[in-house]
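All of the numbers you see were taken from the coordinates with simple rules; none came from a lab. Fair warning: this is a prediction, and the values are worked out from it, not measured in the lab. We place every Cβ from the backbone using ideal geometry, glycine too, and count neighbours over all the protein chains shown.
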Amino acid sequence: MQLQERELALQPVEPNLAPGEKYAAKSRKFQGIPTIERAPGGRLWAAYYSGGDGEGPDNYVVLVHSGDDGRTWSVPWLVIDPPGKVRAFDPCLWIDPLGRLWLCWAQSFEMYDGRCGVWASLLDDPDEPDGIWSAPRRIANGIMMNKPTVLRSGEWLFPTAVWAVQWAIRLSGMDSLPEERFSNVYVSTDQGESFALRGQANVPNRFFDEHMIVEHEDESLRMLVRTTYGIGESHSTDKGLTWSRGKPTRLGGPNSRFYIRRLRSGRLLLVNHYGFNGRSHLTAQVSEDDGMTWTEGLLLDERENVSYPDGTEAADGTIYIIYDRERKLDMDILMAVFKEEDVLAGRCVTPGARLKVAVDKGGA
């Protein structure tokens, strides 16, 4: 029976477009791990997961939106809640070059089944919240919580991972996919119609991977990976087919998710727990020299247990960073809104800059 139940994780889950009181904020005992995107016309979308008392088989993904630049947010607009002991978790929102909104999430039997799977559903016009979502499809093995990278060649790189963390492997009870137990790169060369495993990076002491990829001026790639000591890296000169031996960076951090992206200006943006070994002092920094050095940055939230940033940038250079705080206590999903000028100044100097903006709060 358990083997049959495991196979439920391989089945598509229809999005619940009319979630009721079961999914209301007041009913939640845990929530976090958020993601954010901004539609071309300005509508903001955010997703995170909840369900049960913490990470486990009761998890489901919640999607909300805002039409007023994040000052107010909808009730749960869409929910992904698989049946039985299958969990939906680690969502990722992404606007592709065609303007479509991708909602991606992971599915696993119980906490971790050694295989998982990245699922995706698309909304053609993300400025129209009542639009039709495409049927969910499984696009890769593993988990992907960070946004894809579009290369100058037009190829889309999706950073997926099959966890190599030993306790997770033991928990699954299955020696599944040992050949994919790396920081993987899936590629689409046809604008998301099909996907294939292109390459894998092996960074020592990686921890849940949570990797992100940036392309340099010379078209080489740099992958940053979550590790037990902070952040490791690997490089590729053949569009992600082969990767250099992993090594530590000097970026530091508390073994937690970080966020890095190329901005429209050409600078790199990094959001990390700068100078701290705990999940506090979430800070945005920029680099003028392709990641060799970084500014002191803008402190987004100095409090304890703030974590898991994700972000996006609007056409006018406004940056939106979403993160969580106290997943089981205050259950805050928060947002910071700023521009590069604020990061360079080390304080909010632009008129629209806002910090610690409430997106959602769980609990009664």
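Before moving on, here are some points about what is shown:
- Here region 175-253 is treated as a Stokes sphere of Kirkwood radius computed over C-alpha pairs; at 37 °C and 0.692 mPa s its diffusion coefficient rounds to 250 µm²/s.
- Helical runs assigned H by DSSP (4 residues or longer) give the chain a calculated mean residue ellipticity at 222 nm of -1000 deg cm²/dmol, each run adding -39500 (n - 2.57) before division by the residue total.
- Structural descriptor for region 52-116: relative contact order 29 percent, calculated from alpha carbon pairs under 8 angstrom and at least 6 residues apart.
- When the chain is reduced to its Cα atoms, the Kirkwood hydrodynamic radius in Å: 20.4 Å
- Where only C-alpha atoms are counted, convex hull volume of region 98-246 per residue in Å³: 123 Å³
- Rh by Kirkwood over Cα pairs, then Stokes-Einstein D for region 1-100 at 1.567 mPa s and 4 °C, µm²/s: 89 µm²/s
- When the chymotrypsin sites (Phe, Trp or Tyr not before Pro) in region 244-320 are filtered for DSSP coil states and for at most 12 other beta-carbon atoms within 10 Å of their beta-carbon, no site remains.
- With a cut-off of 11 Å on the backbone N, the residues of region 337-359 near the modelled label site 7 Å out from D330 along Cα-Cβ are 356-358.
- Summarising the label geometry, the points placed 7 Å from Cα in the beta-carbon direction at R354 and R250 lie 3.8 nm from one another.
- Quotient of Cα Rg and 2.2 N^0.38 Å for region 286-344, N being how many residues it contains: 1.27
- For region 1-88, applying the loop criterion from DSSP together with a ceiling of 14 other beta carbons within 10 Å to the trypsin sites (Lys or Arg not before Pro) yields R71.
- Sequence-distant contacts, meaning Cα pairs under 8 Å at least 6 residues apart, place the relative contact order of region 1-95 at 32 percent.
- Distance between modelled label sites at T189 and W133, nm, 7 Å Cα→Cβ extension: 3.2 nm
- P(r) of region 259-311 over all Cα-Cα pairs, binned every 5 Å from zero, in whole percent: 4, 23, 29, 23, 13, 6, 1
- In terms of overall dimensions, the C-alpha atoms belonging to region 254-364 reach 44, 30, 20 Å along their principal axes, ordered largest to smallest.
- Peptides 146-159, 233-246 ordered by average Cβ neighbours within 10 Å, highest first: 146-159, 233-246
- With contacts taken as Cα pairs under 8 Å and at least 6 residues apart, region 87-240 reaches a relative contact order of 16 percent.
- Each 5 Å bin from zero holds the following percent of Cα-Cα pairs in region 205-312: 2, 13, 22, 26, 21, 11, 4, 1, 0.
- Solvent-free Debye scattering, log10 I(q)/I(0), computed from the Cα coordinates of region 54-136 at q = 0.11, 0.12, 0.18, 0.21 Å⁻¹: -0.33, -0.39, -0.81, -1.01
- Neighbour counts of C-beta atoms inside 10 Å place H216, H211 in the sequence H216, H211, starting with the fewest.
- Restriction of the GluC sites (Glu not before Pro) in region 299-349 to DSSP coil positions whose beta-carbon has at most 14 other beta-carbons within 10 angstrom yields E302, E304.
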